Amino acid sequence: LAEYHMTIGGKDFSRAAPISASRGCPMQCTFCSCRKFEGNGYRRRQPSMILNEIRAVQKQHGINRFMFVDDTFTMDEGQVRDFCEKIIKAKVDIDWICWSCLQVSEGVLALMKKAGCSLISFGLESASPDVLRKFKKKIDLGHARKVIQACRALGIHARVTLLVNSGHETVQSMTETLEFLKGLGFKKEMIDYAQGVWIFPGTDLERELAASGRPGFDWFHPVNGGL
């Protein structure tokens, strides 16, 4: 772990241990390959098992920083609450980050902060209602704005991921995304990544591309020119 050097949200995460609290995702995002790899079923680990694993890593390796690698750590808020409450009650001193959907509640965010969460990367992808609908991402942009603002108020670094050049983009949709981010005072370092959509086999987006009469997916290049 000492050979890995990561700076996330301005914080050094060089010795951060990856850890998983769940597998699978029930969401239907058209571009995501998670369903092909892990299925739509959402499998949770017991919070007590996660806590025991964290303690073991602390004891054996002296590591107090953790990166949850779940596709959506906050999918089951009950599990998140249980985990955070166990961390707080046991007085386990850790610093951790995760990936989340924007449907998370502000109450859960406050509990996550108290349990040591310092950074959350949110899968926004776009702030255009039309593009979000075509991606099958059920994001309420008003709530998304409140979630990001709540993170800042709590002292949690909030970052977002963006997808461009999906074939659904227009000048208007890109302007909507930029205006949304500007309204929140976003800076470059607050964006995890902004990249073209890659067409993965078995995704809805691949089927859309095939139905349009264009050739199949290309593992190594994002969509070029629209669907």
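Here residue 63 meets the list (1) assigned to a loop (DSSP other than H, G, I, E, B); (2) at pLDDT below 85 almost entirely, failing just condition (2). From the list 76, 70, 82, the lone residue that is touching a residue at least 24 places away in the same chain (Cβ under 8 Å) and either surrounded by 19 or more Cβ atoms within 10 Å (Cβ to Cβ) or more than 24 Å from residue 25 (Cα to Cα) (or both) is 70.
Filter region 13-40 down to residues that are open to solvent by less than 40 Å² (accessible area, probe 1.4 Å) and either within 19 Å of residue 79 (Cα to Cα) or of a type in the set (Gly, Ala, Ser) (or both), then give me how many there are.
11
Would you say residue 152 is assigned to a helix (DSSP H, G or I), within 25 Å of residue 87 (Cβ to Cβ), open to solvent by 70 Å² or more (accessible area, probe 1.4 Å) and not polar (S, T, N, Q)?
Working: assigned to a helix (DSSP H, G or I): yes; within 25 Å of residue 87 (Cβ to Cβ): yes; open to solvent by 70 Å² or more (accessible area, probe 1.4 Å): yes; not polar (S, T, N, Q): yes.
Criteria met by residue 152.
Does region 110-124 contain any residue that is within 29 Å of residue 175 (Cα to Cα), over 15 Å from the mean Cα position of the chain (by Cα) and open to solvent by less than 30 Å² (accessible area, probe 1.4 Å)? Show your work before the answer.
Looking only at region 110-124, we keep the residues that are within 29 Å of residue 175 (Cα to Cα), and these are 119-124.
Remaining after also requiring over 15 Å from the mean Cα position of the chain (by Cα): none.
The answer is no; no qualifying residue exists.
Restricting to region 73-93, what's the tally of residues that are among the aliphatic types (A, V, I, L, M) and part of a helix (DSSP H, G or I)?
Qualifying residue count for the region: 4.
Looking only at residues in region 174-193 that are in a strand (DSSP E or B) and either polar (S, T, N, Q) or at pLDDT 80 or above (or both), which one is nearest to residue 128 (Cα to Cα)?
Top of the filtered list is 191.
Would you mind stating whether residue 15 is among the basic types (Lys, Arg) and either modelled with pLDDT of 95 or more or over 28 Å from residue 165 (Cα atoms) (or both)? Taking the combined requirement at face value, the residue satisfies it.
The values are calculated or read from the model by the stated rules, or taken from the named source; none is laboratory data. These numbers were taken from a predicted model, which means no experiment stands behind them. Positions of Cβ are generated from backbone atoms using ideal geometry, with glycine treated the same way; all protein chains shown enter the neighbour counts. These accessible areas exclude ligands, DNA and RNA; they are computed on the full protein's heavy atoms, side chains included. Shrake-Rupley method; radii C 1.70, N 1.55, O 1.52, S 1.80 Å.
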